[in-house]
1. For the residue pair VAL61 and LEU200, what label-to-label distance in nm results when each label sits 7 Å from Cα along the Cα-to-beta-carbon direction?
2. In nm, give the distance between the simple-model label positions of ILE50 and VAL86, each being 7 Å from the Cα along the Cα-to-Cβ direction.
3. Using a Förster distance of 25 Å, how high is the FRET efficiency between ALA30 and LEU148, based on the Cβ-Cβ distance and rounded to 0.05?
4. Restricting to Cα pairs below 8 Å that are 6+ residues apart, what does the relative contact order work out to for the chain? Please round to a whole percent.
5. Please report, for the Cα atoms of segment 1-100, the Rg to one decimal and the Dmax as a whole number; what are they, in angstrom?
Amino acid sequence: MITFTVSAFVTFLTIIDPVGLAPVIIGLTAHLNDIQRNNIITRAIVISAIIIAFFALVGRVLLDRLGVSLYAFNIAGGVLLFLVAVDMLFGRSSGTRETKAEEEEAMTREDISVFPLAIPMIAGPGTIATTILYVNLATASGNPLSLLAVGAAIISALFAAWLVMRSSQWIIHLIGRTGILVLSRILGILLAALAIQFVLNGILEFIQVSKLGK
């Protein structure tokens, strides 16, 4: 249970990548004072929590309605997370988080808490896929505590992200932009490994289902 909780926490914190968001937050809120910046960050985290909770509750229902099997979603979610990891490793701006057009539009917005911070930077496709993946894993385990573990991991990751983003200026001053890039690459390696594990889990489940069907 502890291993599962830690794995979920690390995955959520890595996919959110609050340290990597630090320069973006500073750039988008350069015209605001510290109080305004912190208020925007807090709103973004709250909105993200609501979005994540929504998909945690209805994600499985959506998959069932669409006729998508769990192993197919495991594979698709793993591939999506792997693409995010590759972008982190090579220091590219991930299209799964925001496009160039979205970034340019955000520069003209007064309140960026909903867009682009909450969506797609914090609660983007990668985070949503991770949420559904872990909720499915917890449900399949048959242990009610597993769902509580996922909830605790999500809350802890969002709280950690909130703390890190509020400290964006201090982090940039402490480790610099080069340090942030190095840390993002390290997290990218970890996320790539987790993504491959999701794909392998999906493939193994597909093989098991195929054998049972024969």
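Any read-out appearing in this document is the output of simple, stated calculations on the displayed coordinates, not a laboratory observation. Nothing here was measured: the structure is a model prediction, and the numbers come from that model. Glycine also receives a Cβ, built like all others from the backbone with ideal geometry; neighbour counts cover every protein chain displayed.
1. Distance between the two pseudo-spin positions: 3.5 nm.
2. 3.5
3. Details: r = 40 Å, r/R0 = 1.61.
After rounding, the FRET efficiency stands at 0.05.
4. Rounded, it is 46 percent for the chain.
5. Over segment 1-100's Cα set, Rg and Dmax evaluate to 16.4, 48 Å.
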